[in-house]
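Encoded as structure tokens, the structure appears first; notes follow it.
The values are calculated or read from the model by the stated rules, or taken from the named source; none is laboratory data. Since this is a predicted model, take the numbers as computed values, not measurements. No Cβ is skipped: glycine too gets one built from the backbone with ideal geometry, and neighbour counts run over all protein chains shown. Ligands, DNA and RNA are excluded from the accessible area calculation, which covers all protein heavy atoms including side chains. Shrake-Rupley method; radii C 1.70, N 1.55, O 1.52, S 1.80 Å.
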Amino acid sequence: MTSEASRRADRLRELPFERSSAASSRSFAGFLRSIREISGQRELLGLLVRRELKARYKDSSLGFLWSLLRPLTMLLIYFVAIGQFLGAARGIPDFAVFVFAGLTIWGLYNEIVIAGTTSIIGNAGLIKKVNLPREIFPLAATGSAIFNFLVQFVVLILATVVIGKVPLDWDLLYVPAGVAIVLVWGIAAALLLSAVNVYLRDVQYLVEVAMLLLFWLSPIVYAWSFVVDAAARTGLAWLTEVYLSNPVTVAVLAFQRGMWVSGSEETMIDGNVVPPQPWPADLDLRLAIMFGIGVVFLIICQRVFQRLQGNFAQEI
């Protein structure tokens, strides 16, 4: 641990935390009070979101097009490297739509967590000078992530139109369910990590490593059927339950089921019959449980944020 990190760790142990007014309230009542305070700052939140978007693409020639170029580049890499070179596309119909659906919902979660983690440090000047609910900064990062998600989502819809597989059945309801889970868990993680990162700056780097692991632990560039088949071959079927305990995995599956029509029907690829994805039979129940747990986790993280924010001005 560096001398600076040691100094911050020592201060964290020694400093008495200063309670904010909202932190003095008990759990759920304090959470509701914080929501009311943030609601009163809706206009400021909108300004911060616009500032985040403008600052990100300031002085760039392509502007908001950069929000598309990165996921499209990732799509091209995965489509060529994993889909064609490794042959994954031979077992996954409409592979490009499948990968882009996963990258779109994953990108929302990834941006909320990573940008939210550094949001307090990045707004040190405002936090020292202006008295306002500090949760507003991770939420502004979330607003910016939602904007980028919507841009990519429009492209995804256009892609389904181009291939003639527009999702217009009841499975489309899985899309808002998956997005809701990503938002609840993403905001909760952003609140908690942004507060801890003020005291322990290594957190932002650990988060990047953790997000890389989470990416490969979700069926984004490989299909859910591959996981089921691998578990069956090795006689470790219970591992699928462990795999599905990740809320992001469940959200990705829900989003794919809503947007990737070919994943729910039998198709032919190079003369071979590809069966529909073996979606978890109880996906609806899993979504409801994950959302409920996510709301509880969000309340806990917000209360921890309130507890830690007392010394933000001294630490940043």
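So what is the 222 nm mean residue ellipticity for the chain from helices alone, if each DSSP H run of at least 4 adds -39500 (n - 2.57) and you divide by all residues, rounding to the nearest 500 deg cm²/dmol? Don't skip to the end; give the middle numbers.
Working: 15 runs with 212 residues, N = 316.
Computed ellipticity for the chain at 222 nm equals -21500 deg cm²/dmol.
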Original post:
When the scattering of the chain is computed by the Debye formula from its Cα atoms alone, each counted once and equally, what is log10 I(q)/I(0) at q = 0.13 Å⁻¹?
Top reply: -1.00
Original post:
Spin-label point model (7 Å from Cα, Cβ direction): what's the residue 47 to residue 229 distance in nm?
Top reply: 5.6
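Out of the chymotrypsin sites (Phe, Trp or Tyr not before Pro) in segment 43-81, which ones are loop residues according to DSSP with at most 15 other C-beta atoms within 10 Å? Don't skip to the answer; put the middle values down first.
Details: sites: 57, 64, 66, 78, 79; in loops: 57.
Answer by residue number: 57.
Suppose R0 equals 30 Å. What FRET efficiency, 1/(1 + (r/R0)^6) with r the Cβ-Cβ distance, do residue 202 and residue 29 give to the nearest 0.05?
Details: r = 34 Å, r/R0 = 1.13.
E(calc), rounded to 0.05, equals 0.30.
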Original post:
Å³ per residue of the Cα convex hull, for segment 119-189?
Top reply: 97
**OP:** With no solvent and one equal point scatterer per Cα, compute the Debye intensity ratio I(q)/I(0) for segment 129-268 at 0.12, 0.14, 0.17, 0.20 Å⁻¹ and report its log10, rounded to two decimals.
**Re:** -0.64, -0.83, -1.11, -1.33
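Segment 45-143: Rg/Rh from Cα coordinates, Kirkwood Rh? Could you put the intermediate results ahead of the total?
Numbers: Rg = 17.8 Å, Rh = 15.7 Å.
On the Cα set of segment 45-143, Rg over Rh gives 1.13.
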Original post:
What angle, in degrees between 0 and 90 and rounded to the nearest 10, separates the Cα long axis of helix 136-163 from the longest principal axis of the Cα atoms of the chain?
Top reply: 10
Original post:
Counting Lys and Arg as +1 and Asp and Glu as -1, what is the net charge of the other residues whose Cβ lies under 15 Å from the Cβ of residue 183?
Top reply: -2
Subject >> Where the chain is the region considered: accessible area per residue in Å², 1.4 Å probe >> reply: 50
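How much of the accessible area of the chain, in percent, comes from carbon and sulfur atoms when a 1.4 Å probe is used? Intermediate values should be presented prior to the final figure.
On the way: 10420 of 15700 Å².
Summing carbon and sulfur atoms, their accessible area is 66 percent of the total for the chain.
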Original post:
Tell me, what is the FRET efficiency for residue 268 and residue 61 to the nearest 0.05, using R0 = 41 angstrom and their Cβ-Cβ distance as r?
Top reply: 0.40
**OP:** Please report, in debye to the nearest 20, how large the charge dipole of segment 178-316 is about its Cα centre when each Lys and Arg carries +1 at its beta carbon and each Asp and Glu carries -1 there.
**Re:** 480
**OP:** Please determine, in degrees from 0 to 90 and to the nearest 10, the orientation of helix 224-233 with respect to the longest principal axis defined by the Cα atoms of the chain, where the helix direction is its Cα long axis.
**Re:** 70
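I'd like to compare 253-261, 104-112, 202-210, 85-93: which one has the highest average count of other Cβ atoms within 10 Å, and what's the full order after that? Mind dumping the intermediate values first?
Working: 253-261: 25.9, 104-112: 24.3, 202-210: 14.4, 85-93: 16.9.
The packing order, highest mean first, is 253-261, 104-112, 85-93, 202-210.
If R₀ is 35 angstrom, what is the calculated FRET efficiency for the pair residue 124 and residue 161, using the beta carbon separation as r and rounding to 0.05? Mind showing how you got there, number by number?
Details: r = 45 Å, r/R0 = 1.29.
For residue 124 and residue 161, the calculated efficiency is 0.20.
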